[in-house]
Amino acid sequence: MHARNCLACVLPPYLLDHLAKHGHARLRTLAQNSLALDNQLRLRRTAIGRASTTLATARNTPPGQISRHVHTAESGSQLPGRLIRAEGQATTGDVAADEAYAYLGATYELFWEVFQRHSIDGAGLPLIGTVHYGQNYENAFWNGEQMVFGDGDGEIFNRFTIAIDIVGHELAHGVIEHETSLAYKGQSGALNESLADVFGTLVKQYHAKHSVEQADWLIGVGLFTDEVKATALRSMKAPGSAYDDPALGKDPQPGHMRDYVDTTEDNGGVHINSGIPNRAFYLAATAIGGYAWEKSGRIWYEALCDEGLWDTADFSQFAALTVDVAERLYGVGVEQQSVRQAWVDVGVIA
Amino acid sequence: MSTLPPLDQATQINLSREGGVAFLPGQRNSCSIALGSCSEDERARIRQALLSAAPKAQAADEAGRGDQRYFVILINFNDDAATEDVRLHVGEQEAPEELIRLWRERTGRR
């Protein structure tokens, strides 16, 4: 086949699949041939992936025992990069590396001590982090295998390890991914992001031993430099109030369904509309009182792990699930009523 | 059937970078390239960037997962065959160097 006619060379599998089903006859044949080739390649990749998983499993630790591995990308993009601090080793003097090590530890503590979850997969998966990723890189992410943190540009963003809840947020993406396949778009994607914020703030509150009244309910404090008018990336208490600056724009998060943002940007507003379930969690936690990780955190965690959480769950389905879980855990009482009222107050259920 | 429909002078490319740990309206960044105003060399370079990027494309609800950044490439066709627009989502980590270079040149962003 001529290179210009090789569909597998240029079209991603989901498009090939679409063409194979819906294209013209000749196109369907080409797409089906290409899919067959693509499937062969995928099988090979899966085999390689299994080998990689086997290696990771071999390093898994006994329950309650954390295993952190912090690397540096040395301003490059190769992952995981060079190992600079393994579990039990002394501080390195590299602020980002030591923050990553400490905050990965704080995140592990929350999941183990509060929810009895042994790392990301519940089976002791080592926590792999890479700092100094890219040049002035303005982001942090979970890539399906590890956490990655940029240094920020120093003008708008500080280093991304500066905020404990951002480290917790990224690790929580790993936990979420192991428990559910929430589609990363629209309301299910916003639930995905909100859950990462919920566990991110719980890491912060548990580490500081802050009650719901003491907590600031902000995500990413310290991430912005003093050059911009911003207190944080997001506010769970008052979505839409975290920043207002010419360089950043105004925080677009809604805190109520009447202000839901219908957009094609940001995977359908996953980091925008997450403000609604974020505020629901804040309202439930403050109504129940005490320490957020004890009851409201437990309810959200059990909901995340519940088989009833579908990949395409929307806000109202997740709301119903949390109300059910609250009743299952604590009976019909203040917990269940507080959770239900929180979702009513943000306009998700009537 | 060619790899991509011909990128003739009636074609426009819209390139944006999305995703990340937050959506910051003031940090939106995108560029539009009217291929009709490009030299032959430029068109060839852009075509190569698109050909390199297309096999890396992900489904829309996979791109960006876990706060990863990604490129959105929208190719508009305005030809006699009424070719439908093509939209591709390419993860930043998977993006070919040609696409990243094109992005940096056109937006001035890192």
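Looking across region A:212-248, the residues that are within 10 Å of chain B (Cβ to nearest Cβ), more than 21 Å from the chain's Cα centre (by Cα) and either among the basic types (Lys, Arg) or under 20 Å from residue A:137 (Cα atoms) (or both) come down to A:228, A:230, A:247, A:248.
Scanning for something open to solvent by 10 Å² or more (accessible area, probe 1.4 Å), modelled with pLDDT of 95 or more and within 27 Å of residue A:308 (Cβ to Cβ), does region A:231-239 turn up at least one residue? Write out each step before concluding.
Our first condition is that a residue be open to solvent by 10 Å² or more (accessible area, probe 1.4 Å); within region A:231-239, this holds for A:231, A:237-239.
With the extra rule that they be modelled with pLDDT of 95 or more, the set shrinks to A:231, A:237-239.
Okay, now just the ones that are also within 27 Å of residue A:308 (Cβ to Cβ), so A:239.
Yes, region A:231-239 contains a residue that is open to solvent by 10 Å² or more (accessible area, probe 1.4 Å), modelled with pLDDT of 95 or more and within 27 Å of residue A:308 (Cβ to Cβ).
Which ones in region A:260-270 are in a loop (DSSP other than H, G, I, E, B), open to solvent by 10 Å² or more (accessible area, probe 1.4 Å) and within 8 Å of chain B (Cβ to nearest Cβ)? Show your work before the answer.
Applying the first criterion (in a loop (DSSP other than H, G, I, E, B)) to region A:260-270 yields A:260-265, A:270.
Cutting the leftovers down to open to solvent by 10 Å² or more (accessible area, probe 1.4 Å) gives us A:260-265.
Hit for region A:260-270 is A:265, nothing else.
Just to confirm my filter: which strands (runs of 3 or more DSSP E) fall fully inside region B:27-110 and include at least 2 residues that are in contact (Cβ under 8 Å) with a residue 40 or more places away in the chain and within 12 Å of chain A (Cβ to nearest Cβ)? Walk me through how you get there before you give the answer.
Values: elements: B:30-34, B:69-76, B:86-91.
Counting at least 2 such residues, we get B:69-76.
Condition check: open to solvent by 50 Å² or more (accessible area, probe 1.4 Å), modelled with pLDDT of 95 or more, at negative phi and touching a helix residue (DSSP H, G or I) at 6+ places or on another chain (Cβ under 8 Å). Does residue A:336 satisfy that? The answer is no for residue A:336.
Every residue, every condition in (1) within 23 Å of residue B:26 (Cβ to Cβ); (2) open to solvent by less than 30 Å² (accessible area, probe 1.4 Å), yes or no:
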| position | (1), (2) |
| --- | --- |
| A:130 | no, yes |
| A:135 | yes, no |
| A:141 | yes, yes |
| A:147 | no, yes |
| A:150 | yes, yes |
| A:156 | yes, yes |
| A:161 | no, yes |
| A:172 | no, yes |
| A:177 | no, no |
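Counting only residues that are over 22 Å from residue A:113 (Cβ atoms) and crowded, with 17+ Cβ neighbours inside 10 Å, how many does region A:277-316 have? Matching residues across region A:277-316 total 11.
The values are calculated or read from the model by the stated rules, or taken from the named source; none is laboratory data. Quick caveat, the model's predicted, so the values are computed rather than measured. Cβ: placed from backbone, ideal geometry, glycine included. Neighbour counts: every protein chain shown. For the accessible areas, the whole protein counts, side chains as well, though only heavy atoms, and no ligand, DNA or RNA atoms are used. Shrake-Rupley method; radii C 1.70, N 1.55, O 1.52, S 1.80 Å.
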